[in-house]
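A short write-up of the structure that comes next.
Every read-out reported here was derived from the displayed coordinates using simple, explicitly stated rules and does not represent laboratory data. Quick caveat: nothing in here was measured; it's all calculated off a predicted structure. In this analysis, Cβ positions are derived from the backbone assuming ideal geometry, glycine residues included, and neighbour counts consider all displayed protein chains.
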Amino acid sequence: MKFQEELKDSIRKALPDLDVVLGWCGSFDPLHATPHFIRREEDIDKLEISPLSVHNLATYLPGLRGKKVGIVVKGCDSRSVVELLQENLINREDITIFGFPCTGVVDQAKIKKALGHAGNVRTCDISDSAIVIQTEDKAHSLTLTQMLADKCRTCRYPDAIISDYFVGDKIGEPAPLETDYAALEAFESLSVPERFGYWLKELDRCIRCYACRSACPLCVCRDHCAAESRDPHWLSQENNVRDKVMFQVIHAYHMAGRCTECGECQRACPVDIPVLMLKQKMNREIRDIFQYEAGVDPEATPPLLSFNMEEENITEKEW
Amino acid sequence: MPVLKGKELRIVGFLCNWCSYGGADTAGVGRFNQPTDLRIIRVPCSGRIDPLFVVKALMNGADGVLVSGCHPRDCHYAEGNFYARRRLEIMQRFLPVLGYEAERFEYTWVSASEGQRWQQVVASFTDQIHKLGPAPKIIGPQAADTLNQMAAAL
């Protein structure tokens, strides 16, 4: 990326006052990136920003509260930071935000599907329009826009919403490749048993690893999660699909009015369950009722923490 | 009971202590005929009701869920039902994505003096649930049937 050196310079400038800077670096193979914790000057050179920088690093922030933390954010990550600030889960004066114009990140599930079982990846070259992946037996050329994560195809905030340092030129408001919630609307047009059966089928393969919870930047209850609580006993320890569905409903509901649709839950899922759809549904209803979008204004009050005596968009049933 | 020609279904009602529970009591004292599908759980306030109760009830075998509290501006705790209204409205709109009809869940306001209104609410909600029929069961003896039906639908 063009601005990567500029970004490293600003991190170098800020690092003496910070305990750690969160970024991304290369991982076990050329096709993956991993979160990178920059503590010393020499760590800075390993920083890599590319369409492989998929992780939402804001997830680490509540756990690092009290430390001076720098964080490199994509537009969507910055919304999580805003939401954390809004809920007083982090202190603004303790964090330094490095923003850059994000042109989208890949969806590893889509790449995996396109490659099939390809074995080891030798090299991975990403240009503005294509990803060329050299595996053991052949070279695969994939179109970048088709491999982008769904959230990037509908992205409206490519630049960090808040930042202390911003490198590169801001993109502004891009034209999304797809309309919001198109997949959700298609799903909603299915019949009732089809929808019910869909979740039973998809969640049947859930292994209850709770990676969706661990990856979620706004799941901040830690040891007090409803999933492990015995009193109230929301979920049993049994292996049944009912509890798996129930956990996803709990997650979606606890995210109501807070979820910024960063998609980490779905990305982290080891068995590719489309759990983001539940959160999108929640968000769309909240947008329709309260004209509210999470993670864009640190001063806004979340809709479920306030009320109006007369609600404009809620019509109650007449009996 | 005229509204109850078929088999009984299972409807769970969450009623606030101060208005709706009193309203249901008034209906009983007034000897208003009501369908008997509803089982009532008394809670301190409609603001006490976690909307996840609704999903939990449906997933554990309820065919319908009714929540009733004090009328807006009449809450015993001044503002519990205002928060409840927002939360419950969202949950009602959320249910269809899970594969439950939104009509399986309703929330309403009934005051302690409205015995007549309570009867009307119970009768029409029970009727509404009977029109929808039993909810899909994912636990218990009917679970296997549900799974077969779902497999056929997919």
Please list, ordered by first then second residue, the pairs with beta carbon atoms under 9 Å, 6 or more apart or interchain, first in the stretch B:11-32 and in contact (Cβ under 8 Å) with a residue 60 or more places away in the chain and polar (S, T, N, Q), second part of a helix (DSSP H, G or I) and surrounded by fewer than 20 Cβ atoms within 10 Å (Cβ to Cβ). B:T26/B:Q116
Collect the residues in the stretch B:43-75 that are under 17 Å from B:N17 (Cα atoms) and in a loop (DSSP other than H, G, I, E, B), keeping them in residue-number order. B:P44, B:C45, B:I49, B:D50, B:C70, B:H71, B:P72, B:R73, B:D74, B:C75
When you scan the stretch B:139-154, how many residues do you find that are touching a residue at least 24 places away in the same chain (Cβ under 8 Å) and either more than 7 Å from chain A (Cβ to nearest Cβ) or among the polar types (S, T, N, Q) (or both)? 1
Restricting the stretch B:89-138 to residues that are more than 9 Å from every other protein chain (Cβ to nearest Cβ) and of a type in the set (D, E), which is surrounded by the most Cβ atoms within 10 Å (Cβ to Cβ)? B:E114
Can you name every residue in the stretch A:100-153 that is among the basic types (K, R), surrounded by fewer than 16 Cβ atoms within 10 Å (Cβ to Cβ) and not in a loop (DSSP other than H, G, I, E, B)? A:K110, A:K112, A:K113, A:R122
Here are the criteria: (1) surrounded by fewer than 18 Cβ atoms within 10 Å (Cβ to Cβ); (2) assigned to a loop (DSSP other than H, G, I, E, B); (3) among the aliphatic types (A, V, I, L, M). Tell me which single one A:A160 does not satisfy. (1)
Could you pull out the residue among A:K317, A:K244, A:K279 that is basic (K, R) and buried (at least 22 other Cβ atoms within 10 Å of the Cβ)? A:K279
Can you name every residue in the stretch A:162-209 that is in contact with a Gly (Cβ under 7 Å, 6 or more places away or on another chain), hydrophobic (A, V, I, L, M, F, W, C) and under 29 Å from A:K13 (Cα atoms)? A:F166
Leading residue by the ranking (nearest to the chain's Cα centre (by Cα)) among those in the stretch A:231-285 that are more than 9 Å from chain B (Cβ to nearest Cβ), of a type in the set (A, V, I, L, M, F, W, C) and outside any helix (DSSP H, G or I): A:C262
Go through the stretch B:39-56 and count every residue that is within 11 Å of chain A (Cβ to nearest Cβ), surrounded by 22 or more Cβ atoms within 10 Å (Cβ to Cβ) and hydrophobic (A, V, I, L, M, F, W, C). 2
Tell me which of these B:A78 doesn't satisfy, since it passes every other one: (1) hydrophobic (A, V, I, L, M, F, W, C); (2) part of a helix (DSSP H, G or I); (3) closer than 21 Å to A:L305 by Cα. (2)
